[in-house]
Amino acid sequence: MATMFGVPGKEPGDIQVFNALSKLPPDVIVYAQPKLVFYEEIRYPDYVIVHRDRGVIVLEVKDWINIEDRDRKRALVKRQRNGKVEWHNSPVEQARTAAFILTNMLKEDQDLVNYAGKLDFPYRNAGILPYLPISTITWLEEAWGKNSILGRDNLLPDRIQKSIESIPAPFTCLMSERQIRSVCAILDDWNKAIDRSTGVFKGVYDREQEKIAKEPLKPAIQSEEHENQVEQSVFDKIVYPTKDARVAQIESELPDEVIRLKKAAYIRLLRGFAGTGKTDVLILRAFYLSDSYPDQDILVTTFNRPLLDERLQPELESIKDQVDVISFDSLCSDIYQMKHGQWVSPQDTLGLVTKLEEEDSLISEFGCEFVADEIVWLKESGLTERNAYVQAIRTGRGAESGRRLSPKMKGQIFDIYERYEDGLRELPAHDWVDLHEKTWKYLQNGIQPKKMYDAILIDEAQHFAPTWMNIISAFLKPKGSLFISDDPSQSVYRLFSWHQRGVDVVGRTRWLRIPYRNTRQIFEAAFRLIESNSLAQKMLSESGMDIQPDLDSVLLRDGNPPQVHKFSSFEAEKTFVHKQMQELSASGILPREICILHNKSHILDTYRRIFKQGIQIDQLRRQTGMEYKVVFIPRIQDLFERDIEVGWEQDLSRQQIMFYMAMTRARDSLYLLYGQKWPKQLDALRPSVKWHD
């Protein structure tokens, strides 16, 4: 099936042509009714086809049935409705006019023209009269040109491809993929990846990104009028297959809260490696939905606050009247305030555990971060009874067997958990997990969200726990649509599968595999850390497919490999970073395009004192979904502290994934800085970096 974008006209002939064109091969791209603008001239041709072998083809469709005469450019048409006879420009002539406007638009792109200022690929035009037989078409060809007009017989499935290929062209020449994407960006401005907050052009979406972003919502959530128009249209036949009856049987056995989410009219899971443009696609989809479905209420949400503040809200500012951009925790806090009438800030789990460490040496033995993460995990997994926790296989917390803690150790952890809960009651307070659990409880007990949505788009969804998805379901209208974006290779903090989250994504998952954000050299180096990583590969294989990034794509950018610098002291490292910052500034790099990442507060605070404004300095765990031209990762030896109570393989996997996340924040340049001894957890990087010891 061809890749179809846009909506055909309401005329039956247009629907028929749309259906016929959809039978073209998969590498054919078809735009229905694109807007062409060149200075004062505006046209909306019925179809524009873009194809590597055939170039650009403009088509005009007319539902004419009775043509009484024709000349070189016109047809004398008898209207069936009132019998009136009038001269009209032929569809071939109308297509030629639209093609002339389009070629002028294309010639303004220097990447599409040769040294003589002419297009490097052919363009064609033709008319389509879907109700007329071959005899009439042959008669019209005598005036309008052989093969320049298609009729009823040309639209048959076994003839449509040859008919399109036979449309006359001045020459033949293969289009490159870069040229194809440039043409698609001219046909539809949405294909240009632009930072909506700054206006900076970042590139052009690829085919897969465009297809995912522009998938139509299911007719079930469209307006009744639109439903009637497309009830038996090509959309139902091509995009939405009938559900297997076996799915309904399986669903009948599921809990109610899972059923509610599974019965969302349309769920799409978009998965991709770091830097493949998942957030860009989600933003593009939000614009597409707001324009295509102006009566729909749309929500964009994420757990990642920097991503929300620095990308999603600024870039979607222009459509804020229709698209709400709200953090997941804000959704929960609204429900909490509706119940209690006021807001109480949740306690940070790690902060409270660190305070308890002063009275409990056992916490020091396990490690504060490990204990805090374990408490969050057991609460999110509903294992708040001692026996349930001690007997549970710690999925995502141990090795493949999940049995890295002995029953005695689990008992000790649960003792700490009980003291932790006592501490919350004494304050009195609740933590973030409690807030989420309370939110879900309040929703189940009748609290209604102030606003519900026809479509909800979730970014960085790998961080979402099962309860969170139940909460999201309460904000979704009964026939609503979910668009979920995640990167399973970055699932460090919550290792739940989508099955565990209660979301059926079988057959609804699409992958992005080209890491556009990074240079080839940066991503290849980072990927070495996870290509043999058991934890990352387990999460990547959830869909049952062997998914690998496309590192051979001609669309990847080339650049310098990551630089590794060794220092004799922290002072020497800081001096180097300061000097590099001056050189970057002199080269035109803006402070906000530079980031320093680490997870140790004292290291981050030291750099914050040196660079007080502009430069982003943050914990790397907060920066998923973000991107910067230049990234520094200082004191990397301090990132790798062995967690003795977690199996070595599991600990290594987590640490490598975390560092992979940090490396892939860099678009153009990456500096890895260390002192003392190079961490052996990063030995896989050695062949792919440039050493400056």
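Every number in this text was worked out from the coordinates using simple rules, so none of it is lab data. In this text, all values refer to a predicted model and were calculated from it rather than measured experimentally. Cβ coordinates were reconstructed from backbone atoms using ideal geometry, including for glycine residues, and neighbour counts include every protein chain displayed.
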**Study point:** 14 Å beta-carbon shell around Tyr31, net charge (K/R +1, D/E -1)
**Key:** 0
Review point. Quick one: length gained pulling Glu531 to Gln110 fully straight, 0.36 nm per residue minus the C-alpha distance?
Key: 147.7 nm
Review point. Ordered by packing density, taken as the mean number of other Cβ atoms within 10 Å over each peptide's residues, highest first, how do 680-690, 305-315 rank?
Key: 305-315, 680-690
Study note, to complete from the structure: Rounded to the nearest 0.05, FRET efficiency between Asn387 and Asp683 (Cβ-Cβ, R0 56 Å) equals 0.85
Review point. How much length, in nm to one decimal, is gained on full extension between Met409 and Leu590, taken as 0.36 nm per residue of separation minus their Cα-Cα distance?
Key: 60.2 nm
Practice item. Would you list the P(r) distribution for segment 422-500, with all Cα-Cα distances sorted into 10 Å bins from 0 and each bin expressed as a whole %? Key: 16, 40, 33, 11, 1
**Study point:** Compactness relative to 2.2 N^0.38 Å, alpha carbon Rg of segment 563-692
**Key:** 1.03
Exercise for review: Give me the distance between the Cα centres of segment 105-159 and segment 66-91, rounded to whole Å.
Suggested key: 20
Review point. Along the Cα-to-Cβ line of Gln33, 7 Å from the Cα, sits a label point; which residues in segment 66-103 have backbone N less than 18 Å from it?
Key: 95, 98
Exercise for review: Evaluate the charge dipole of the chain about its Cα centre and quote only its size in Debye, nearest 20, assuming +1 on the Cβ of each Lys and Arg and -1 on the Cβ of each Asp and Glu.
Suggested key: 1160
Point to revise | Debye intensity ratio in log₁₀ form over the Cα atoms of the chain, taken at each q of 0.09, 0.10 Å⁻¹ | key: -0.88, -1.04
Review point. Given segment 3-187, what percent of its DSSP beta bridges are antiparallel, to the nearest 5?
Key: 65
Point to revise | In nm, spacing of pseudo-spin labels at His340 and Leu362 (7 Å Cα→C-beta vector) | key: 2.9
Point to revise | Bridge type composition, the chain - antiparallel percent by DSSP, nearest 5 | key: 30
Review point. Between Lys78 and Gln619, 0.36 nm times their residue separation minus their Cα-Cα distance comes to what?
Key: 187.6 nm
**Study point:** Radius of gyration and maximum dimension Dmax of segment 349-429, Cα, Å
**Key:** 12.2, 38
Check your understanding: Summing Lys, Arg as +1 and Asp, Glu as -1, what charge do residues with Cβ under 9 Å from the Cβ of Arg667 carry, Arg667 excluded?
Key -> +1
**Study point:** Hypothetical label at Glu583: residues of segment 655-693 whose amide nitrogen lies under 17 Å (7 Å Cα-Cβ projection)
**Key:** 668-674, 690-693
Point to revise | the chain: calculated mean residue ellipticity at 222 nm from DSSP helix runs of at least 4, using -39500 (n - 2.57) | key: -10500 deg cm²/dmol
Exercise for review: Place the peptides 510-519, 348-357 in order of packing, highest mean first, counting for every residue the other Cβ atoms within 10 Å and averaging per peptide.
Suggested key: 510-519, 348-357
